[in-house]
Amino acid sequence: MNLNLVPVYKYYAENPWRFLYSTDPDISSGWTRSGISFFAFGEQQTGAVPVYRYTAPNPTRFLLSTNPNVGQGWQREGTAFRAFKEADAQVGTTAVNQVRAIDQDPWRYQYLTEYNTNAGNGWELDNLAFHVFDAAA
């Protein structure tokens, strides 16, 4: 397997707090980069699926999903990167959990690997999103 991995950076913005994940290392316009969250595939790989990035307004916020049509007010921007839907111990993947801000309307999400599970107060586990290569492993 050709592991053409790319870093996925975590960005945040304040007022209100929200998060953006991107393979672009230089996003500005009010976003602050907080480091590499994990590594994913930049190109199609055997067994990997697209992870789509969605956006919703008021305030602008982001969602990552392997579902090509999440609906519910989310607009698909395109493929953010590629990952595995299931764990692949053979190549050393780790789970990425989607966590959701509690009591926030509209919802805001973060994505945390099993090695980075501290989302902070006011966040709860929403679901297992996909499997990637952990930056901390």
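The values are calculated or read from the model by the stated rules, or taken from the named source; none is laboratory data. From a predicted model like this one, the values you see are computed outputs, not experimental measurements. We place every Cβ from the backbone using ideal geometry, glycine too, and count neighbours over all the protein chains shown. Calculation scope for accessible area: heavy atoms of the full protein, side chains included, ligands and nucleic acids excluded. Shrake-Rupley method; radii C 1.70, N 1.55, O 1.52, S 1.80 Å.
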Fill in the blank from the handout: Reported set for the range 84-135 where residues are closer than 17 Å to Phe41 by Cα, modelled with pLDDT under 85 and assigned to a loop (DSSP other than H, G, I, E, B) is Glu86, Ala87, Asp88, Gly92, Ala135
Completion exercise
So, first residue over 23 Å from Asp103 (Cβ atoms) and of a type in the set (Asp, Glu) in the range 7-24, second residue open to solvent by 30 Å² or more (accessible area, probe 1.4 Å) and assigned to a strand (DSSP E or B), Cβ within less than 8 Å, six or more apart or across chains; the pairs are Asp24/Tyr9
Exercise for the section: Test Gly73 against the stated conditions and say whether it is open to solvent by 30 Å² or more (accessible area, probe 1.4 Å) and in contact with a strand residue (DSSP E or B) (Cβ under 6 Å, 6 or more places away or on another chain). Expected result: yes
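Could you please let me know if Val70 is at negative phi, β-branched (Val, Ile, Thr) and not in a loop (DSSP other than H, G, I, E, B)? Please lay out each step first, then the result.
Values: at negative phi: yes; β-branched (Val, Ile, Thr): yes; not in a loop (DSSP other than H, G, I, E, B): no.
Spelling it out, it is not the case that Val70 is at negative phi, β-branched (Val, Ile, Thr) and not in a loop (DSSP other than H, G, I, E, B).
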Handout entry: Which numbered condition Leu63 fails, given (1) under 12 Å from the mean Cα position of the chain (by Cα); (2) assigned to a loop (DSSP other than H, G, I, E, B)
Key = (2)
